[in-house]
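Chemist: Input: one structure, supplied below.
Please treat every number below as a calculation from the coordinates, not as lab data. Computed from a predicted model, the values in this text were never measured in an experiment. Every residue, glycine as well, gets a Cβ built from its backbone with ideal geometry; the counts of neighbours run over all protein chains shown.
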Ligand code: A3P
C-alpha cells in the first residue's frame with residue numbers, strides 16, 4: 001500500500017488531440033505502423049465498458065468452453081493490449097511474438113486505429129457501455145490505477161470526463177466513431193447492458209460472429225464462467241499482478257452492475273449530463289440504456 005502510494009501518477013500527452021498515456025504518445029509511430037494480419041481479431045472499447053468481460057467470453061468461445069485453457073495466462077498475456085507500453089514490454093512486441101490466429105485488445109478511438117486493421121479487413125468486436133456507468137467506473141479505475149492520472153474529486157472528474165480530456169478521449173466521439181465505422185467494416189457492436197440482460201443471447205452473437213458452433217451446454221458453461229462473481233474470483237481476469245493497481249482501494253472487478261451512477265450523480269450533474277447527452281448524440285442512431 002505504502003509502495004503504491006509512492007508511485008507517481010501517470011503522465012499524459014496527446015496524439016491528434018486525443019489524450020493518451022505519455023509512453024503511448026512516445027511510441028506512436030511504432031503503434032501506428034503495426035502490421036495486422038487478416039486472421040487477427042480485435043476487441044475494441046472505451047475504457048471500462050466491459051472489455052475484460054468481452055475478452056474472456058471470446059477466449060472461452062475460441063477454446064470451446066475449456067475453462068482450464070482459458071486459465072493458461074492472465075488476460076493481457078492471452079490477448080495483447082495493442083497500444084500498451086512499458087519500459088520492459090509493449091503490446092506490439094507481445095503481438096509480434098505471438099502465433100496466429102491472434103486476438104488483440106485496444107481502447108483507441110476509431111480514427112487512431114492502425115490502418116493495417118482496415119487494409120487486412122480484420123474482424124472487430126466493439127463493446128460500449130452507457131455513459132453514466134462508464135464514467136463512474138472510469139473514475140474508480142483512475143483512482144486505483146497509477147498508470148493513469150489522478151482523477152481528483154468526483155465533482156472534478158465529472159467535468160474532466162465531459163470535456164473529453166480524459167485518457168483515450170471523449171466517450172461520445174469514441175462510441176459514435178466506432179458505430180459509424182460499422183457501416184463499412186465487419187464490426188460486431190455489443191452493449192454492456194444487453195450482456196447484463198441476456199448474456200446467453202449476446203454470447204451466441206459473438207460465437208456466430210466468430211464462425212463457431214457450440215452446443216447449448218457449452219454456451220451455458222461460458223455464461224456461468226463469465227458471470228461477474230466467477231470472474232471476480234478468477235485470478236486470470238483481475239490484473240492482480242499489476243503493481244500500479246491498488247485493488248484494496250477499488251477492486252478491478254468493482255461492482256459489475258448497471259445503474260450504479262445513481263449512487264454518484266447529484267441531481268444537477270444528472271441534468272447537466274442529460275443535456276450534454278442530447279446535444280452530443282443528436283447526430284447518431286446509437287442509443288443506450290441507462291438502467292435495467
Ligand atoms: P464497474 O467498475 O462498474 O464494476 P473494462 O474491462 O473495460 O476495464 O471494464 C471494467 C468494468 O466491467 C467494471 O465495471 C467491472 O466490474 C465490469 N465487469 C468485468 N467483468 C464483468 C462481468 N463478468 N459482468 C459484469 N461486469 C463486469
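Chemist: Kindly provide the helix-only [θ] at 222 nm of the chain, computed as the sum of -39,500 (n - 2.57) over DSSP H runs of four or more divided by all residues, to the nearest 500 deg cm²/dmol?
Modeler: So the helix-based figure for the chain works out to -11500 deg cm²/dmol.
Chemist: Taking the Cα centre of each part, how many Å lie between the stretch 163-187 and the stretch 264-281?
Modeler: First find each Cα centre; the distance between them is then 19 Å.
Chemist: Related question: Would you mind getting me the FRET efficiency between residue 86 and residue 184? Use the beta-carbon distance for r and R0 = 51 Å, nearest 0.05.
Modeler: 0.90
Chemist: For the stretch 137-194, evaluate the Debye formula with one uniform point scatterer on each Cα (no solvent term) and list log10 I(q)/I(0) at q = 0.29, 0.30 Å⁻¹, rounded to two decimals.
Modeler: -1.14, -1.18
Chemist: For the stretch 72-178, what is the relative contact order in percent, using Cα pairs closer than 8 Å and at least 6 residues apart in sequence?
Modeler: Answer for the stretch 72-178 is 22 percent.
Chemist: Pop the C-beta distance of residue 71 and residue 116 into the FRET formula with R0 = 30 Å and round what comes out to the nearest 0.05.
Modeler: For R0 = 30 Å, the calculated efficiency reads 0.45.
Chemist: Determine, for 224, 192, 139, the number of other Cβ atoms within 10 Å of each Cβ, and report the residues in order from fewest to most.
Modeler: Fewest-to-most ranking of 224, 192, 139: 224, 139, 192.
Chemist: Distance between the C-alpha centers of the stretch 121-141 and the stretch 56-108? Whole Å please.
Modeler: Between the Cα centre of the stretch 121-141 and that of the stretch 56-108, the gap is 18 Å.
Chemist: Quick one: in the stretch 22-112, what % of C-alpha pairs are over 15 Å apart?
Modeler: 60
Chemist: Projected area of the stretch 49-162, taken from the Cα convex hull and averaged over every viewing direction, in nm²?
Modeler: Values: hull surface 35.0 nm².
Mean orientational projected area (the stretch 49-162, Cα hull): 8.7 nm².
Chemist: As a test, work out the antiparallel percent of DSSP beta bridges whose residues both lie in the stretch 35-193, rounded to the nearest 5.
Modeler: Of those bridges, close to 10 percent are antiparallel.
Chemist: Could you give the length gained on full extension between residue 220 and residue 262, defined as 0.36 nm per residue of separation minus the Cα-Cα distance, in nm?
Modeler: Result for the pair: 12.0 nm of gain on full extension.
Chemist: Between residue 16 and residue 194, 0.36 nm times their residue separation minus their Cα-Cα distance comes to what?
Modeler: Separation in residues times 0.36 nm, less the Cα-Cα distance, equals 60.8 nm.
Chemist: OK, next. Need one number: % antiparallel among DSSP beta bridges in the chain, to the nearest 5.
Modeler: That works out to approximately 30 percent antiparallel.
Chemist: Continuing with this model, one more query. Looking at the stretch 198-237, what % of the alpha carbon pairs are farther apart than 14 Å?
Modeler: Summing the P(r) tail past 14 Å for the stretch 198-237 gives 48 percent.
Chemist: So what's the Cα pair-distance distribution over the chain, bin width 5 Å, in %?
Modeler: That works out to 1, 5, 12, 16, 20, 18, 15, 9, 3, 1, 0, in percent per bin.
Chemist: Test of understanding: extend the Cα→C-beta vector of residue 279 to 7 Å, then name every residue of the stretch 113-149 with backbone N under 13 Å from that spot.
Modeler: So the set is empty, nothing qualifies.
Chemist: Now, a different point. Listing 48, 271, 205 from the residue with the fewest other Cβ atoms within 10 Å to the one with the most, what is the order? The partial results should precede the final answer.
Modeler: On the way: 48 23, 271 11, 205 17.
The most exposed by this proxy come first: 271, 205, 48.
Chemist: Right, something else. Which whole-number percent is the relative contact order of the chain (Cα, under 8 Å, 6+ apart)? Write out the running numbers ahead of the final one.
Modeler: Values: 412 pairs, mean separation 73.4, N = 292.
Once normalised by length, the contact order is 25 percent.
Chemist: Counting only Cα atoms, I'd like the Rg/Rh figure for the stretch 1-70, Kirkwood definition for Rh.
Modeler: Rg/Rh for the stretch 1-70 comes to 1.09.
Chemist: Cα convex hull of the stretch 197-292: mean projected area in nm², to one decimal?
Modeler: 9.4
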